[in-house]
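One structure below.
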C-alpha cells in the first residue's frame, strides 16, 4: 500500500542543474486519434509550446499523451477518441523514468481500451504505477462548478494512480453497487441480497477510509498551492463530504433500506460522496466566482502533481492545455514558472506562451515541430 500521508514536496525544489529529474516522453505514435494527422513525434526536455487556432488538435495531442501514460485521456469515451469513420485507434508512448525506459501502447476500439506496458497486457492503473502525468485544462473548472460526479471522478482518478489497491477495490465496489441496484429493482428473487450487502459494506468502508486519508494530504497540498497561485493566504479548504453522517456504513444502509427499495438504487456509500471546496468559509460550488473556481481547480492540479511526485519519487510529465485561458497575468506567470520548473512540459495555446524552449505549429491535426522559441513578455 502506498502511503498517502506525509511530507509533500514542492515543485520549486531544484537539483542544482536547473531541471528536476522526472518523467520524460521521448516519442509518440498515434493512429486515428480524433483529428490528429501527424503519426510520429519526438520530444525533447524543457518546455515545448504547441501553437495553433482553436479546433486545430492541440487538446487532442495532450489527451493522447495523457492516455498513453495511464491518465484519463480527457475523460472522453473511447468512441469519442477515435477519428470519425474509424472504429480502431492506437497510441504508443516511449517514456524515460528514473527506473529506465518504458513503452506504453493503448489499443482503442468502441467500448474498450487495451493497455500494454513493455509488451505485457496490463490495467491502466499498472501503467500509472511506473510513470506519472498531470493534464491541466480549461475544463478543470468543472471540478469546482460541476456536479458531484465530476469531483468524485477527479478524486478516484488521482487515488487510483497513487494506490493500485485503491484502483482494484474501487472496481470491485462499483461491480457490487451495480449488482445491488439490480437486486433492488428486481426484488432480490435469488435471495442473495444479504451476501451482496456484506460485500458492499466491507468494500465501502475501506474505500471511505482510504479517501479520508488521501483527502487530508490533498487538502494540505491544495491549500498551499492556492496561496502560492493567488499570492496571499486565502483559506482554501478541501474536505470529503460523506453521503451519510454515519461512518458505520452498515447502519447507514439499514436506515435507507425502505428508500432504496422504493427507488431501486443504493443511496449511501462512496459512490455518493463529494468533495467540499471552501474559500474563507464560503462554498465555492455555490458562491465562488469564475476566477476563484479557476484558481481552485489549478490548485488541485498542482496538488495532484505534488502527490504523484511523492508517489514516484520524481516529477510527472506536465501537460498544460490553453495556457492563457481565462487567467490573469499573475496566474499565467505562475503556470509559466510551473512549466519551467518541470523536467519536461508540453503546453498549448493560440498564441506563443512565455518560457517556451521551442515552438511547434499545428493546423488541422498536422504538427510542424520546426520553429525556434519566440521571445514573449511574461504577462502575455
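Under the classification rounded if a/c is under 1.5, otherwise prolate if a/b is larger than b/c and oblate if not, where does segment 220-325 fall, given a ≥ b ≥ c as square roots of the Cα gyration tensor eigenvalues? The shape class here is prolate. Expressed as a whole percent, the proportion of Cα-Cα pairs in segment 260-322 lying more than 18 Å apart is 59%.
A convex hull fitted around the alpha carbon atoms of segment 171-252 yields 113 Å³ per residue. Scaling the Cα radius of gyration of segment 46-202 by the globular reference 2.2 N^0.38 Å produces a ratio of 1.24.
Gyration tensor over the Cα atoms of the chain: the corresponding equivalent ellipsoid has semi-axes (square roots of 5 times the eigenvalues, largest first) of 36, 25, 19 Å.
The order of 196, 360, going from fewest to most other C-beta atoms within 10 Å of their C-beta, is 196, 360.
As a rough footprinting exposure proxy, the listed residues 166, 90 were ranked by other beta carbons within 10 Å of their own, and the order from fewest upward is 90, 166. For the chain, DSSP calls about 70 percent of its internal beta bridges antiparallel. What shape does segment 259-380 take by its C-alpha gyration tensor, where a ≥ b ≥ c are the square roots of the eigenvalues and a/c under 1.5 counts as rounded, a/b above b/c as prolate, and the rest as oblate? Taking the square roots of the gyration eigenvalues as a ≥ b ≥ c, segment 259-380 is prolate. For segment 140-197, the average shadow cast by the Cα convex hull is 5.1 nm², which is a quarter of the hull's surface.
For segment 140-315, the calculated P(r), taken from all Cα-Cα distances in 10 Å bins from zero up to the bin holding the longest distance, is 10, 35, 30, 18, 7, 1, 0 percent.
FYI, it's all coordinate maths here, none of it is from the lab. Predicted model, so just to flag it, every value in this text is computed and none were measured. Counting neighbours? That spans all protein chains shown, and the Cβs are built from the backbone with ideal geometry, glycine included.
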